[in-house]
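**Student:** Got a structure here, written out as structure tokens. Questions coming.
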Amino acid sequence: MRLLWLTLAAAIATARADKVAKFESLARANGGVVKLTSASYDELVASPRNYSASVIITALGPQFSCKPCQIFDGEHRLVARSFQGVRSAVHPHFFGVLDFEDGQEIFRRLQLSTAPNGLLYYPTEGPEAKPLAKPDTYEFNRNGPTAEPFAAFLNARLGVHIPFRRPPDYNKIGSLVVIFVGVIGLSFSFWPHVKLILSSKALWSATTIASILLFTSGHMWNQIRHPLWAGGQPGKIEYVQGGFSSQYAVETQIVMGLYGLLAFSAYTIGVTLPKVQDPLRQRLGVYVWLGIFLVVFGALMGIFRIKNPGYPFHFIF
């Protein structure tokens, strides 16, 4: 009986070693990434496991137009190549990728409707075993499709150090050098015109004012979060989204326009109108521009009240 158990244990150990060797061979043949199908995915994540595996479930086909999938595919391979030669002191790790065209059954089974998705499977046996019912999920919405946060995610959870270094982008470096040399050459060739532009107070003033209006109106938030241009219910368009933690893209144009009109009104009242020689025209101008200032300021307060109903913003009238 003891001999039977020893034979069975040896057979199991051999099967596990063959399984690890198989996926190591597939990884080496594909730049450190194991290209999976539905069957090989099940084989990779099946228990028991004396290794860990991170699986990216993606949709790379052009018909899906999944830009994050296409971006992260290259980023994922950078991390996998950086991991080559690095091994945990206790267990190996495999980088797997399962494309929709090769794993539709897995998409249905996991009830996935978006891509990419990242899953991290821990060993189920050995000193670093974690008896988790479900794998850890890598949050692309929060981390984005870049290599650095993904490498940090694996380092933190696997207890290994992936010496990730992004390779230099020689095309970009070359382009910047060419552009720099070209700008320097053109500057010497057209120096009188360049000097006129650099010394133009009107140009610098307009650029400064435009930049202030742009960046104080929420433009960078739009660039980061990519919100809808407008929203609302069917038949009713909403241009200002309630709550100070979200906004529509059109709010940037609205708030920028209001700020600009307020600033122009104040400038006209304080600088332009005092130079008007005709008292009647000067007085009429003050009434008109003061009225514009009050109406625009009231509209701005109305927007602030929509954004933060808990604060006592009031329309000016």
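**Student:** Restricting the search to the range 166-218, which residues are exposed (fewer than 10 other Cβ atoms within 10 Å of the Cβ) and in contact (Cβ under 8 Å) with a residue 24 or more places away in the chain?
**Tutor:** P167
Residue-by-condition table, conditions (1) at positive phi; (2) in contact with a Leu (Cβ under 6 Å, 6 or more places away or on another chain); (3) modelled with pLDDT of 85 or more:
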| site | (1), (2), (3) |
| --- | --- |
| G159 | yes, no, no |
| P163 | no, no, no |
| P168 | no, no, no |
| S175 | no, no, yes |
| V181 | no, no, yes |
| L186 | no, no, no |
| S189 | no, no, no |
| L198 | no, no, no |
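**Student:** Separate question: Would you confirm whether any residue within the range 15-24 is at pLDDT below 85, in contact with an Asp or Glu (Cβ under 8 Å, 6 or more places away or on another chain) and on the phi < 0 side of the Ramachandran plot?
**Tutor:** yes
**Student:** Does G231 satisfy being among the small types (G, A, S), at pLDDT below 90, loosely packed, with under 11 Cβ neighbours inside 10 Å and under 30 Å from R305 (Cα atoms)?
**Tutor:** no
**Student:** For residues that are touching a residue at least 24 places away in the same chain (Cβ under 8 Å) and in contact with a Gly (Cβ under 8 Å, 6 or more places away or on another chain), tally how many sit in the range 137-152.
**Tutor:** Number of matching residues: 3.
**Student:** Which condition number in (1) within 28 Å of R142 (Cα to Cα); (2) part of a loop (DSSP other than H, G, I, E, B) is the one that Q223 fails?
**Tutor:** For Q223, the exception is condition (2).
**Student:** In the range 309-316, is there at least one residue being of a type in the set (A, V, I, L, M), farther than 30 Å from N143 by Cα and at pLDDT below 85?
**Tutor:** Yes, that holds for at least one residue.
Residue-by-condition table, conditions (1) outside any helix (DSSP H, G or I); (2) over 30 Å from N222 (Cβ atoms); (3) assigned by the TED database to the domain that holds W229; (4) open to solvent by less than 70 Å² (accessible area, probe 1.4 Å):
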| site | (1), (2), (3), (4) |
| --- | --- |
| Y248 | yes, no, yes, yes |
| T252 | no, no, yes, yes |
| Y259 | no, no, yes, yes |
| A266 | no, no, yes, yes |
| Q277 | yes, yes, yes, no |
| W289 | no, yes, yes, yes |
| F293 | no, no, yes, yes |
| G298 | no, no, yes, yes |
| I303 | no, no, yes, yes |
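The values are calculated or read from the model by the stated rules, or taken from the named source; none is laboratory data. Computed from a predicted structure; not experimentally measured. Counting neighbours? That spans all protein chains shown, and the Cβs are built from the backbone with ideal geometry, glycine included. Areas reflect the complete protein model, heavy atoms only, side chains present, ligands, DNA and RNA absent. Shrake-Rupley method; radii C 1.70, N 1.55, O 1.52, S 1.80 Å.
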